[in-house]
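Worksheet for the structure shown next.
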Amino acid sequence: MTSELFEQLHDDLSRPHPFAFERVAFLSCKTAHLAGGGTVLLAHSAHVVADDDYEPSETMGALLGSAAFRKILQYGYAHCVSIFHVHRHDHQGLPEFSKVDVQESAKYVPDFFKVRPNQPHGAIVLSHDSATGLIWPSRIGKPEAIDGFVVVGARLLEIKNERRR
């Protein structure tokens, strides 16, 4: 992704919310399948979740209402893109998906295939200086770890998730 898009994501995820403990965004990506196997995701645009699209929760840092998902599904339907749910854990270093992150992403990521069944979809967790992600190649497949991330701009940032292989 471009450094501008990366900064836009971090800026949005840094904004306080009236009651949610963390912010969520969506990232739409174009995909390219490599001849030797594998997929390259090219981040296309960030989609901010409106304040009104969060719901109060006692058990989650952020709970999105149906309007948030409807908006990104409508975008995915209108454009040929992969959809990724993005949130941030406020620390340095490689983030990990929490137990709740894994359970909830297994519920909502399959819905992305309803509008774009031929695209991979997934979830990404950022930290202040790193990232980790899961990608579902198909609706019925199990998620796979994303091998790495590259942020292209004035300063190149490459995050390889060697530990996940």
Response to the item:
Expected output for segment 121-133 (first residue among the acidic types (Asp, Glu), partner not in a strand (DSSP E or B), Cβ below 6 Å, 6+ apart or cross-chain) is ASP129/GLN92
Fill in: Test: residue in segment 30-44 that is modelled with pLDDT of 95 or more and over 26 Å from VAL151 (Cβ atoms)
no
Worksheet item: Residues in segment 67-79: is at least one within 17 Å of ASP12 (Cβ to Cβ), out of contact with any Lys or Arg (no Cβ under 8 Å at 6 or more places or on another chain) and in a loop (DSSP other than H, G, I, E, B)?
Response: no
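Keeping to segment 134-145, report how many residues are over 22 Å from ARG23 (Cα atoms) and in contact (Cβ under 8 Å) with a residue 40 or more places away in the chain.
1
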Item to complete: Output the residues belonging to segment 111-158 that are within 17 Å of LYS99 (Cα to Cα) and of a type in the set (Lys, Arg).
Response: LYS142
Item to complete: Collect the residues in segment 63-73 that are touching a residue at least 40 places away in the same chain (Cβ under 8 Å) and out of contact with any Ser or Thr (no Cβ under 7 Å at 6 or more places or on another chain), keeping them in residue-number order.
Response: LEU64, ALA68, PHE69, ILE72, LEU73
Item to complete: Could you grab me the full set of residues in segment 46-66 that are part of a strand (DSSP E or B), more than 20 Å from GLN119 (Cα to Cα) and under 17 Å from the mean Cα position of the chain (by Cα)?
Response: VAL48, TYR54, LEU63, LEU64
Practice prompt. Could you tell me whether PHE97 is among the aromatic types (Phe, Trp, Tyr) and touching a Phe, Trp or Tyr at 6+ places or on another chain (Cβ under 9 Å)?
Written response: no
Worksheet item: Mind checking which residues of segment 19-48 are farther than 13 Å from PHE84 by Cα and in contact with a helix residue (DSSP H, G or I) (Cβ under 7 Å, 6 or more places away or on another chain)?
Response: ARG23
Response to the item:
Among the residues of segment 14-55, the number that are under 17 Å from GLY122 (Cβ atoms), in contact (Cβ under 8 Å) with a residue 60 or more places away in the chain and surrounded by 19 or more Cβ atoms within 10 Å (Cβ to Cβ) is 5
Worksheet entry | Hits in segment 1-43 (condition: touching a His at 6+ places or on another chain (Cβ under 9 Å), farther than 19 Å from ILE159 by Cβ and not in a loop (DSSP other than H, G, I, E, B)) | VAL24, PHE26, SER28, LYS30
Practice prompt. For ALA68, work out the one condition from (1) surrounded by fewer than 21 Cβ atoms within 10 Å (Cβ to Cβ); (2) under 19 Å from ASP111 (Cβ atoms); (3) at pLDDT 95 or above it doesn't fulfil.
Written response: (1)
Item to complete: Answer yes or no: is there a residue in segment 96-119 that is in contact with a Pro (Cβ under 6 Å, 6 or more places away or on another chain) and either under 18 Å from ALA43 (Cβ atoms) or among the aromatic types (Phe, Trp, Tyr) (or both).
Response: no
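The values are calculated or read from the model by the stated rules, or taken from the named source; none is laboratory data. Owing to the predicted nature of the structure, the values given are computational and were not obtained by experimental measurement. Cβ: placed from backbone, ideal geometry, glycine included. Neighbour counts: every protein chain shown.
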